[in-house]
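One structure is given here, and the rest of the page talks about it.
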Amino acid sequence: MASRDEVAAARVVARNAAVRESRGALRQWLRHPLEILPWVGLSALIAATLLVCTLVVAAIASPDPSLAGQLIAADPTVRTSDFLFVLGRNGTVLALHLMVCFATYLVRRSLPLQAAEMRGLQGVVHRHAATPALLVVAALTAFSLLQQAVTLGHTLADVAAESHTSPALILVRLLPHAAPELTAVFLPLAAVMWLEQKQRSQDLLAATIVCAVIAIPVVILSAWIEVAVASRFF
């Protein structure tokens with residue numbers, strides 16, 4: 001077992017590295033904000049993939065028109081509580097994806113730094129924790145995508161059946177708020193994929209902060225458009 005002094009020293013090393021590297025990354029992105037654009041493009045691609053999967057689910061689902069009211073954008077009687085519901089739903093998904101970004105940083109950067117300062121069992125655990133931890137992160141991400149595709153697909157099928165139109169047409173009507181909303185909530189996942197591909201795991205903590213700053217206002221605005229605008233003209 002590593003001594004308490006070793007554990008404390010390892011945590012100090014990891015904390016100092018996190019502060020130093022995150023400050024450097026944030027300064028770099030402030031000077032060159034276009035470096036973040038690939039994340040946005042990749043996030044939009046993930047969002048488009050989810051929408052295609054949603055259409056597939058809607059096509060094979062058994063619709064129940066009585067449940068069509070679940071789609072707030074199709075309900076002209078929406079209230080403030082509906083806005084808070086949409087905001088809470090989308091905010092939860094965004095929070096999950098931000099945690100994925102942060103957890104990937106811990107696994108890929110923080111744990112190895114701490115492991116280098118530890119001996120004994122704790123050092124072994126820290127050195128070999130990356131793979132199972134990454135598997136957990138990947139499983140959470142896959143669950144998030146699958147759950148959203150299934151939920152949205154069934155809702156889309158119900159609304160399409162109630163309005164006697166196609167799921168694709170309903171989806172097109174939802175795009176003005178759904179496209180920016182999904183791009184925002186998937187931005188942390190896109191950042192993870194892009195930075196990992198570039199072998200820049202040390203920048204993931206800073207990326208978590210940047211994604212939160214960018215995505216939160218977009219999620220709020222998209223929720224307002226869904227409730228206050230889309231529901232009036234659906």
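The values are calculated or read from the model by the stated rules, or taken from the named source; none is laboratory data. Only a predicted model underlies this, so the values are computations on that prediction, with no experimental measurement involved. Every residue, glycine among them, receives a Cβ derived from its backbone with ideal geometry; neighbour counts consider all protein chains shown.
If only residues of region 182-234 that are closer than 20 Å to residue 145 by Cα and of a type in the set (Ser, Thr, Tyr) are counted, the one that is farthest from the chain's Cα centre (by Cα) is 222. What number of residues in region 166-185 are in contact (Cβ under 8 Å) with a residue 24 or more places away in the chain and among the hydroxyl-bearing types (Ser, Thr, Tyr)? Qualifying residue count for the region: 1. Of all the criteria given as (1) surrounded by fewer than 19 Cβ atoms within 10 Å (Cβ to Cβ); (2) in contact with a helix residue (DSSP H, G or I) (Cβ under 8 Å, 6 or more places away or on another chain), the one not satisfied by residue 217 is (2).
Residue 188 meets all of the listed conditions (1) touching a residue at least 60 places away in the same chain (Cβ under 8 Å); (2) within 19 Å of residue 86 (Cα to Cα); (3) touching a His at 6+ places or on another chain (Cβ under 8 Å) but one, namely (2).
The one condition from (1) within 25 Å of residue 23 (Cα to Cα); (2) touching a His at 6+ places or on another chain (Cβ under 8 Å) that residue 225 does not meet is (1). Taking region 25-35 as the range and being surrounded by 13 or more Cβ atoms within 10 Å (Cβ to Cβ) and either more than 19 Å from residue 109 (Cβ to Cβ) or among the small types (Gly, Ala, Ser) (or both) as the test, only 25 passes. Can you name the residue in region 179-233 that is closer than 15 Å to residue 37 by Cα and outside any helix (DSSP H, G or I) and is also modelled with the lowest pLDDT among such residues? If we take residues in region 179-233 being closer than 15 Å to residue 37 by Cα and outside any helix (DSSP H, G or I), then 198 is modelled with the lowest pLDDT. From the set of residues in region 153-178 that are of a type in the set (S, T, N, Q) and in a helix (DSSP H, G or I), which is modelled with the lowest pLDDT? My answer is 163.
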